[in-house]
1. In degrees from 0 to 90, rounded to the nearest 10, what is the angle of the helix A:3-14 Cα long axis to the longest principal axis of chain A?
2. About its Cα centre, how strong a charge dipole does the protein assembly as shown have in debye, to the nearest 20, once Lys and Arg get +1 and Asp and Glu get -1 at the Cβ?
3. Which distances, in nm and shortest first, link the A:VAL31 label point to the same label point in every other copy, taking 7 Å along Cα→Cβ?
4. Restricting to Cα pairs below 8 Å that are 6+ residues apart, what does the relative contact order work out to for chain B? Please round to a whole percent.
5. How far is helix B:31-43 tilted, in degrees, relative to the longest principal axis of the Cα atoms in chain B, given as a value from 0 to 90 rounded to the nearest 10?
6. Quantify how strongly other chains surround peptide B:126-138 by giving the mean number of their Cβ atoms within 10 Å of each of its Cβ atoms.
7. Express in nm, to one decimal, how much length is gained between B:PHE72 and B:ALA120 on full extension, taking 0.36 nm for each residue of separation and deducting their alpha carbon distance.
8. Put a point 7 Å out from Cα along the line to Cβ at B:PRO77; what are the distances to that point in the other copies, in nm, shortest first?
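Read-outs: derived from the displayed coordinates by stated rules, not from any lab. Predicted, not measured: the structure shown is a model, and the values here were computed from it. Here the Cβ is made from the backbone with ideal geometry for all residues, glycine too, and neighbour counts use every protein chain on show.
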2 protein chains.
Amino acid sequence: MEEIDRAIVAALTADGRLSYTDLAERVGLSVSAVHQRVRRLEQRGVIKGYAARVSFEAMELPLTAFVAIRPFDPSQPDDAPERLAHLPEIDSCYSVAGEDFYLLLVRVASPADLERVLQAIRTAANVTTRTTVVLSTAYEGRPPKISAGPPTRGRGRAVGEGTGSTAG
Amino acid sequence: MEEIDRAIVAALTADGRLSYTDLAERVGLSVSAVHQRVRRLEQRGVIKGYAARVSFEAMELPLTAFVAIRPFDPSQPDDAPERLAHLPEIDSCYSVAGEDFYLLLVRVASPADLERVLQAIRTAANVTTRTTVVLSTAYEGRPPKISAGPPTRGRGRAVGEGTGSTAG
DNA sequence: GTTGAAAGGCTTACTTT
DNA sequence: AAAGTAAGCCTTTCAAC
């Protein structure tokens, strides 16, 4: 991916409602060129969509927890993600290496709600749960490192890049 | 928070670039009324901003890991989040209950990068790390449960319904 | 792939109810 | 708080380099 595409993605990650006019000014291209690049980024799946970032506290979901799950019977078919997808309190579901099978990010309104969701998780996926309650969120969903060049691969140098030293 | 505000937040969570015209049609209000409500939601901090959702694979960050950290010396001042904030590979930083002090979500390009970031985390915050590698992401950042009413029975207080004056 | 221009649509503010 | 109107800017498409 080119440097300009990276700049576009970085800008839209920071502000998803940037106008094409502002975007064009930032990356130093015409409005039409920027528009075409954004459309291609969307079609290629680099940009998957746009979303408003909401305050979970304001949305009455002040309690966040990580729930590591492990099946009661490891010989059973492992389809926990699908069996849990119907629970809207589950924000994310990761298949992980280590002692546990999956790691869930859960957002609820209260400890009572957390208890209810944990019970629902256990019964829906036939798993044991190990829960880590989040006390506070220092930061979350920070924009990824999108700078001038590729982080590790040596496939090509970006425009204006000097040496091939690793980015810090 | 009112039902219409919930509908607005839900719609903008699913599609952050919805026009006010479309939004007005969805919630059954005029464009002006919707515009005013969105501005108030933004000013109250319910809507914190807008962001493009990007594919981390496409951004050359295919490796995700959770890093639980614990200080070498628990008597030292605990300012790990600030000491780690300069590392762009850290997506999120949660203060957690349990055996560990913080849980980090890290996104990197390769195992070599992960090693480098882990070393940087240890030296920057003077902590030990316990890393859980993500094998696959079933789903991530799902829209929170924003339906008609409060999630738990009765007791929940809506934002902005509090007593007394509100800043802004 | 980039640029420039034009038509249509959207945002925003103001006014009214 | 909600609706209507108008001005200005943006989005989107089309043609040209």
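1. Tilt relative to chain A: about 50 degrees.
2. Values: 40 positive and 42 negative charges, 110 e Å.
Using only the charged Cβ atoms, the result is roughly 540 debye.
3. 1.7
4. Working: 170 pairs, mean separation 45.8, N = 168.
Relative CO of chain B lands at 27 percent.
5. 30 degrees
6. Numbers: counts 0, 0, 0, 0, 1, 2, 8, 5, 6, 7, 6, 6, 12.
Mean shielding by partner chains, rounded to a whole number: 4.
7. On the way: separation 48, 0.36 × 48 = 17.28 nm, distance 1.47 nm.
Residue separation times 0.36 nm, minus the Cα-Cα distance, leaves 15.8 nm.
8. Values, ascending and in nm: 5.6.
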